[in-house]
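Below: the structure, in structure tokens.
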Amino acid sequence: MTTTTPDTEAVRAEAPRPRKWRPTDENGRRMRVWELALRYVLLLAVLALMIGPFLWQLSTSLKGPHENIFSSPPKFLPSDPTLHNYERVADTIPVWDYAFNSLKVAAANVVTNCVGAALAGYALARLRYRGRKAATLVFILAMLVPVEGIIIAQFTTMRDLGLNNTLVGVLLPGCVSALNVLLMRNAFLNVPYEIEEAAFVDGANVWQRFFRIALPAVKGTLAVVAIFAFMGAWDDFLWPLIVLSDPDKFTLTIGLNYLHGTFANDERLVAAGTVIAVLPLIVLFACLQRYFFRGVGEGAVKG
């Protein structure tokens with residue numbers, strides 16, 4: 001039989017009781033349960049609005065020809081999933097050739113935007129020269145000009161350069177985006193200037209400071225620029241439709257337009273083509289998401 005002494009009872013009395021879990025917000029303040037529940041309800045509603053259409057297209061692309069896709073109430077899960085619709089897309093149009101053309105344009109657009117926006121953003125943020133503020137204002141004003149307002153001038157420029165009906169002509173107008181330049185400029189401004197000053201004292205030139213100090217500190221924003229550039233080139237429809245006339249050079253967005261019939265549409269076929277077009281964007285974001293979300297804290301000094 002164990003006996004308790006006054007000392008052990010005092011220790012038990014002084015032992016801290018387990019704290020009851022209480023929800024808190026991002027600032028550490030307590031939240032009421034209904035406030036937390038309301039946040040989750042709103043998040044789930046936004047998630048349904050964002051993911052719902054894609055999941056419905058995916059479900060439609062997996063449904064067979066004998067399954068009613070317009071049933072009421074609608075059936076989300078296909079009763080007999082099949083990949084035959086994807087085979088039909090490849091039989092109807094040369095979808096993989098179109099996808100390869102889009103991939104070439106998108107990959108080149110990522111390279112040109114990352115390189116050009118990084119160089120221009122660093123020049124606007126760090127270099128000292130006359131007219132720097134005016135150059136920044138020009139990039140801001142360029143964002144205010146709608147693409148439709150200058151698309152005729154772009155077309156005549158490509159025609160004068162002999163780049164009509166070429167993938168280079170598709171790439172050239174968007175090879176460096178004004179938005180990406182301003183994103184990189186703001187990222188470089190958040191990098192502590194004292195670090196570059198110390199490197200300058202140690203004898204580092206401007207290229208060494210750019211490649212070894214500034215550029216590694218803005219990887220998150222560079223990933224954002226890469227995602228924006230890839231999405232912009234991959235999803236572009238109007239400009240490739242205007243500048244391209246050879247079916248062998250069509251991009252995927254133009255090629256998928258041939259899945260629509262004149263008098264009737266096969267919704268399963270269109271849905272399968274849509275899923276094929278969206279998958280590369282999902283893969284790209286999955287590969288770069290860790291850098292994408294890290295872009296919020298760009299410029300922090302590592303200990």
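Here are some notes:
- Pairs, first free of Cβ contacts under 8 Å to residues at least 40 places away in the same chain in region 126-153, second in a loop (DSSP other than H, G, I, E, B) and open to solvent by 60 Å² or more (accessible area, probe 1.4 Å), C-beta under 9 Å, six or more apart: ALA135/TYR129
- Candidates are the residues of region 139-163 that are open to solvent by less than 50 Å² (accessible area, probe 1.4 Å) and polar (S, T, N, Q); the one that is farthest from ALA123 (Cα to Cα) is THR156.
- MET31 fulfils the conditions (1) surrounded by 14 or more Cβ atoms within 10 Å (Cβ to Cβ); (2) at pLDDT 80 or above except for a single criterion, (2).
- Output for region 247-265, where each listed residue is more than 24 Å from ILE150 (Cβ to Cβ) and open to solvent by 20 Å² or more (accessible area, probe 1.4 Å): PRO247, ASP248, LEU256, TYR258, HIS260, GLY261, THR262, PHE263, ALA264, ASN265
- Filtering region 191-200 for residues that are more than 30 Å from ILE150 (Cβ to Cβ), surrounded by 19 or more Cβ atoms within 10 Å (Cβ to Cβ), touching a Gly at 6+ places or on another chain (Cβ under 6 Å) and touching a residue at least 40 places away in the same chain (Cβ under 8 Å) leaves a non-empty set.
- Restricting THR136, THR166 to those that are open to solvent by less than 40 Å² (accessible area, probe 1.4 Å), of a type in the set (S, T, N, Q) and more than 21 Å from SER245 (Cβ to Cβ) reduces the list to THR136.
- Criterion (crowded, with 19+ Cβ neighbours inside 10 Å and under 24 Å from the mean Cα position of the chain (by Cα)) met by exactly one of GLY121, GLY116: GLY121
- From ILE151, ILE195, residue being part of a helix (DSSP H, G or I), hydrophobic (A, V, I, L, M, F, W, C) and at pLDDT below 90: ILE195
- Tally of residues being within 22 Å of the chain's Cα centre (by Cα) and free of Cβ contacts under 8 Å to residues at least 24 places away in the same chain across region 156-180: 1
- Residue that is aliphatic (A, V, I, L, M), crowded, with 19+ Cβ neighbours inside 10 Å and closer than 22 Å to THR251 by Cα, where the choices are ALA226, ALA217, ALA187: ALA226
- Per-region count, region 231-270, residues out of contact with any helix residue (DSSP H, G or I) (no Cβ under 9 Å at 6 or more places or on another chain) and of a type outside the set (D, E, K, R): 5
- The residue list LEU49, LEU58, LEU103 contains one member that is within 21 Å of LEU279 (Cα to Cα), surrounded by 11 or more Cβ atoms within 10 Å (Cβ to Cβ) and outside the structural domain of LEU171 (by the TED database), which is LEU58.
The values are calculated or read from the model by the stated rules, or taken from the named source; none is laboratory data. In this text the structure is predicted, and so the values were computed from the model without any measurement. Methodologically, a virtual Cβ is constructed for each residue, glycine included, from the backbone with ideal geometry; neighbour enumeration extends over all protein chains shown. We work out accessible area using only protein heavy atoms, side chains counted, and drop any ligands, DNA or RNA first. Shrake-Rupley method; radii C 1.70, N 1.55, O 1.52, S 1.80 Å.
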